[in-house]
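The values are calculated or read from the model by the stated rules, or taken from the named source; none is laboratory data. Keep in mind it's a predicted model, so treat the numbers as computed, not measured. We place every Cβ from the backbone using ideal geometry, glycine too, and count neighbours over all the protein chains shown.
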Amino acid sequence: MNVKKEAKTSHLAKPYVAETPWLDSDAVPFIQIKGLSKQFDDFSAVDCVDLNIYKGELFTILGGSGCGKSTLLRMLAGFEAPSSGQIIIDGVDMSNIPAYDRPVNMMFQSYAVFPHMTVEQNISYGLKKDKLHKTDIISRVSEMLELVQLSELAKRKPHQLSGGQRQRVALARALIKQPKVLLLDEPLAALDKKLREQTQFELMNLQYELGITFVVVTHDQEEAMTLSSRVAVMDAGKFIQVGTPTQVYESPRNRFVADFFGTINFFKATVISTNKQSGIITAELEKTGTQVQGTTGGNFSAGDEVTIAVRPEKISVSQQSPEGDHLTITKGIVEDLAYYGNRSIYRVRSQSGRIIQVSAQNYQRSEQLILEWDDEVYLSWDSSCNVVLSE
Amino acid sequence: MNKSSRFIFSSLCFGFAFLYIPILVLILYSFNQSAISSVWGGFSLRWYTALFNNDQIIESALLSLKIAATSATFATILGTMAGLALTQMGRYRGRFLFTGLIAAPLVMPEVITGLSLLLMFVSLQELIGWPVSRGAGTITIAHITFSMAYVAVIVQSRLSSMDQSLQEAAMDLGGRPMQVAFDITLPLIAPSMLSGWLLAFTLSLDDLVIASFTSGAGASTLPMVIFSKIKLGVTPDVNALATLIIGTVSIGIVIASWMMFRQAKRHSIIND
Amino acid sequence: MSNSQPDLAVKPKVMGYSLPLRDKLWRQFVIGLPYFWLLLFFLAPFVIVLKISFAEPIVALPPFTKLFDFSDSASRWVLATWDNYRFLSEDNLYWISYLKSIKIAAISTLICLLVGYPMAYGIARASPTTRNILLMLVILPFWTSFLLRVYAWMGLLGKNGLINSLLMNMGLIESPLQMLYTDMAVYLGIVYTYIPFMILPLYATLEKMNTSLHDAAADLGAKPWQIFLDVTLPLSMPGIIAGSLLVFIPAIGEYVIPALLGGLDSLMIGRTLYDEFFVNRDWPLASAVATILLFIVVIPIMLFQRSQQEQE
C-alpha cells in the first residue's frame, strides 16, 4: 500500500466511489454481518441485522441515540461479543477473535489519546505491540506524521494540543496499523463548523487514497450524506433502509427515513389507481380531494392509505399561476418566512389549511424580500417529486 | 452573612477548634519543663533529649517503620490488583463475595480482625508448621490484609472515573490485557496508588490492637510501647514523640497538597 | 469525556468470548491473588474463631482444646462445649457490654453527624481554594497517630489537666472535675477520632450535589430550611449512610478509647474481649465474645457494602 504524499494537498472532494460493488452480484462483500444481535438483560440493542459492506466503501451507519449503532460498532471492533450472529471480515469469522487480534482499528469519539504519552509515542503504540523493528517504527511514524500534518508536534503531550490536533493523532494512530477496516465513532461531532467541513474533506480524501474500508457511525444526517458511499439508517436495533445518499434522501422507504433527512412535507392520501409498469400511482389527497400522481417503489392497491412526501426544495413558489406538464399545483398564503441570505424558507398555508414548507434559492438580487408575510402565492412542483410512502 | 451562613461558619470554627486544640496543647506541653501538665515550668527540650535516649522507643519506632513500609508496599500491590479485578474484569463467579471481602475490612472492629488473625496463625502453625513464631512477619501480614482494602477502594474510585475508552483504544491497537494494564492503566492510576501507599503506611504505623494480637515475644511496635506507657498516665516524653510525628506528617501533607494543587492548576489551564 | 456508548442500558465490561490462554491466566492472576489472600487471612480466620468458641480453655499452648482429632484412624469432630456461650448468656457483664457498646456507638455516630454535617456542608460550599485547604485540615489529624490524639485528651481531661486547671484558675470550680475515666470522655474520644470518617463521605456527596436544585426550589417559593429538609437532606442520604456506618460499626468494637479514657464501668465489648484474651487468657471465651460481636456487625456491614455498591 503506497501512501501518495501529493494527494494530501488536494482538498477537492472526489466523486463517490465510481464503482458500485453492491450492485454487482458477483462481488464478495468485505464485511459481512449476518443475523447479528446483542441483548442486554431484556433489551435488544441490536436486533438480528444483516449487512454487506464492500471493500473501499465509506459506509455510514446513521441513527438517533439509542438506536444501537454504537453497540454495532463495538461488536465490529471486538469490545462486545454478539448474543448471536456472525461478523465476517475479509472472509475470516471474527467470532472468537478478541479486539487486539482483529484487523480492525477504531477512532473513538473522545479520541482516547493516551494522556501520558507524546504524539509520537501514541502513534507508534500499535506498531510496538506488533513488535515491529525499531527502525521500521521510526520511519513509518514520521511518514504518518507528515500525512496528518503533525510533524512539528511530535514531541508534544495531548494536553498541549487542540481538539482537532488530538483527533489527527487518534486517526494517525489507527491508520498506521494499515487495518482492513477503520471504524469511526461520530468523527465530526466534537468539531466546530469550519473545522468540520475541512475534516470532512480530509477524511474522504484519506479514505480514497488509502483505499481502506471506513465504517462511520453518526447521528448527524448531513455528515452521513456528505461523507458516504452508502448509508444505513438504523432505528431500535434494526436497519430501516440501506442505500446511497441520493437513494435515502430522494427515495426514502418510509416516513421515518424521509423525516430523518432534512425537512419534508407530508400529505395524507388514498390510492385511486396504480400503474405497475411505470410505478406511478394516482392518489386523492384527504381533505381537498385533489388528485396527485406520485412515484413509489412499494406495492400499493386502490383504497390504500398512503402518505405523499415532497421535499421543500422541489417546490417552486411564485405569484403567477405556473404552467407546465406533470405539475402538482396549489394556492396558499405565506404565513411565515425565514431569510437565510442564500435561500429563504416559506411556510405557506394552503387552501385546505395545511402548512407546506418551501425552500427557495434567492437567485434574484434584491434588498427587499421577494415575498412577504400574507402574500398570495402559487406552489408548484413536478409530480415526479411526489414520493408515495406506506404510512 | 445571613443566619444559616453564620451557623455554618461557626460550626466550621468550632469543629476545627475541636479537632486541633488537643493537638496544639499536646505540642505545647512537649516543651514544658515541668512533668505535671498543669504547671508550666518553662520552655525546655528535656523531653526530646529523653526521647532520643530511650532505646526502647527508638527500636520500636524502627520496627514500626519497617513493618509499615513493607506492608504498605504489598498492600498497594494487592489492593491495586483487587481494584482492577473489581472494576475491569467484568462479571465472574464469586464477584459478589469479593466485593464484600473488600468492603468489610474498612469497618470491621479491630478486636475481631486481630483475634481472628491470631487464631488463624496458631491454627496454621499446628497444621503446616508455619508461621513458626509470631512477630514482625505476622504483624505485617495482618497489616497487609486490612490495608489492601483501603488501597482497593482508592484505586476503584479512580478507575471508575477514568475514561474507559483509553484502555479500549489500547486493546484496539493490539495491546493484550496485561500489556494494557502496564502501558495504560497503571501509569494513569499511579497517583492513586501512591495515595494508597501512604494511607497503608499510616494505618500500619498507627495500629495498636491488631499488632497486639498478632505480635509475639520481642516484637513491640511503637504504638504498643506508647500504649503501655500512657496506660498509666501522662508522660511528657510521649508528648515530645507526638510533636515530632505530628510535625513530620503535617509538613508532608502540606507539601503534598501544594504539589497536587499546582499540578491540577497546570492541567486545567491547558485543558479546555 | 464521553464514552462511545450512549445507547446502552447496562454497561457490560466483559467481552464475552473465550480469551486466549495468556490473557485468561492474567485475568485469573489479577482476580485470584488478592481474592485468595483475603479468603485466607480475612474470611477463614472468622471460621476459626467460630470453631474455637466451642473449645475449652486449658493450660497449654495454645490454651484451648482441639476440636478436630486426627490421632485415631477415624477423625472425630469433637464439639467440645457450648459452655462459653452459656456463660455469656448468663453473666450480665457481657449483655451489658454488648448493649452499652451499641448505645455508645449509636450516640457517638449521632453526635458525629450533628457536628460533621455542617462542617461538610461548609467545606462543600467554599471556594475551590478554601475548600482544598479546609479538606487538608480535616485530613491532617487523621494522618497523625490516633493513639497520641486520644492521649492528648487524657492530658486535657485529667484531674491535673488543662481544662481543670483553667476552670480552677478562673475560679469557676473549686475542686477538679472528674472528666477522665467517665462515659463522657469515651463519647468525646470516639467523636474526636472518628469525625473525619463522617465528614469525608458527607463532603463527597454534598460536593457532587447540583446547586441548581436549590435555586429551583427557592424559585418555587421554598424557604431555606425547607430547601434543606426537602432537597439537600434527602439527596445527601448516601453520604449520611456511608459516614454513619463508617463510624458506627468500628465504634462498637472500639478498644483503645474505652481503655484509656473510660472508667471501670464504661464497659465496651472491645475492651471486654481484649481483657478476656490478654488478662484472663481465656481464648475460647474471647472467641465466643468475638463471634457474637461478629454476628451483631454483620448486618450493618452488609448495609455498608450495599451503599458502596450503589455508588458504583
Search result, residues across region B:168-177 that are touching a Leu at 6+ places or on another chain (Cβ under 9 Å) and over 16 Å from A:K131 (Cβ atoms)
B:D172, B:P177
Sole residue being modelled with pLDDT of 90 or more, crowded, with 20+ Cβ neighbours inside 10 Å, closer than 28 Å to A:K34 by Cβ and not charged (D, E, K, R), chosen from A:G237, A:G243:
A:G237
Complete set of residues in region B:221-247 that are crowded, with 21+ Cβ neighbours inside 10 Å and polar (S, T, N, Q)
B:T221, B:N239, B:T243
So which residues in region A:162-187 are on the phi < 0 side of the Ramachandran plot and in contact with a Ser or Thr (Cβ under 6 Å, 6 or more places away or on another chain), if there are any at all?
A:V181, A:D185
Here are some residues: A:V317, A:V348, A:V334. Which one is more than 30 Å from the chain's Cα centre (by Cα) and part of a strand (DSSP E or B)?
A:V334
So is A:L147 at pLDDT below 90 and crowded, with 17+ Cβ neighbours inside 10 Å or not?
yes
Collect the residues in region B:95-105 that are more than 7 Å from chain C (Cβ to nearest Cβ) and either in contact (Cβ under 8 Å) with a residue 40 or more places away in the chain or over 14 Å from C:V30 (Cα atoms) (or both), keeping them in residue-number order.
B:F96, B:L97, B:I102
Of these, A:T118, A:T71, A:T135, which one is β-branched (V, I, T) and within 14 Å of chain C (Cβ to nearest Cβ)?
A:T71
Every residue from region A:101-129 that is closer than 18 Å to A:K157 by Cβ and acidic (D, E)
A:E120
Being facing chain C (nearest Cβ under 9 Å), among the aromatic types (F, W, Y) and either touching a strand residue (DSSP E or B) at 6+ places or on another chain (Cβ under 8 Å) or buried (at least 24 other Cβ atoms within 10 Å of the Cβ) (or both): is that true of B:F146 here?
yes
Within region A:69-90, restricting attention to residues that are in contact (Cβ under 8 Å) with a residue 60 or more places away in the chain and of a type outside the set (V, I, T), which residue is nearest to B:Q167 (Cα to Cα)?
A:A77
Residue in region A:142-151 that is aliphatic (A, V, I, L, M), part of a helix (DSSP H, G or I), within 14 Å of chain B (Cβ to nearest Cβ) and over 29 Å from B:P191 (Cα atoms) present:
yes
Restrict the check to region C:134-155 and report whether at least one residue is facing chain B (nearest Cβ under 8 Å), surrounded by 17 or more Cβ atoms within 10 Å (Cβ to Cβ) and more than 28 Å from C:I249 (Cα to Cα).
no
Determine which single condition B:W40 fails, assuming it passes every other condition in (1) in a helix (DSSP H, G or I); (2) within 11 Å of chain C (Cβ to nearest Cβ); (3) surrounded by fewer than 19 Cβ atoms within 10 Å (Cβ to Cβ).
(1)
Of the conditions (1) buried (at least 21 other Cβ atoms within 10 Å of the Cβ); (2) under 27 Å from C:Y151 (Cβ atoms), the single one that B:A169 does not satisfy is (2)
What are the residues in region B:127-143 that are facing chain C (nearest Cβ under 8 Å) and at pLDDT below 95, if any?
none
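Yes or no, residue by residue, for (1) more than 25 Å from B:F213 (Cβ to Cβ); (2) buried (at least 22 other Cβ atoms within 10 Å of the Cβ); (3) more than 8 Å from chain B (Cβ to nearest Cβ):
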residue: C:I241; (1), (2), (3): yes, no, yes
residue: C:L245; (1), (2), (3): no, yes, no
residue: C:G253; (1), (2), (3): no, yes, no
residue: C:L261; (1), (2), (3): no, yes, yes
residue: C:M268; (1), (2), (3): no, yes, yes
residue: C:D275; (1), (2), (3): no, no, yes
residue: C:V289; (1), (2), (3): no, yes, yes
residue: C:L294; (1), (2), (3): no, no, no
residue: C:F304; (1), (2), (3): no, yes, no
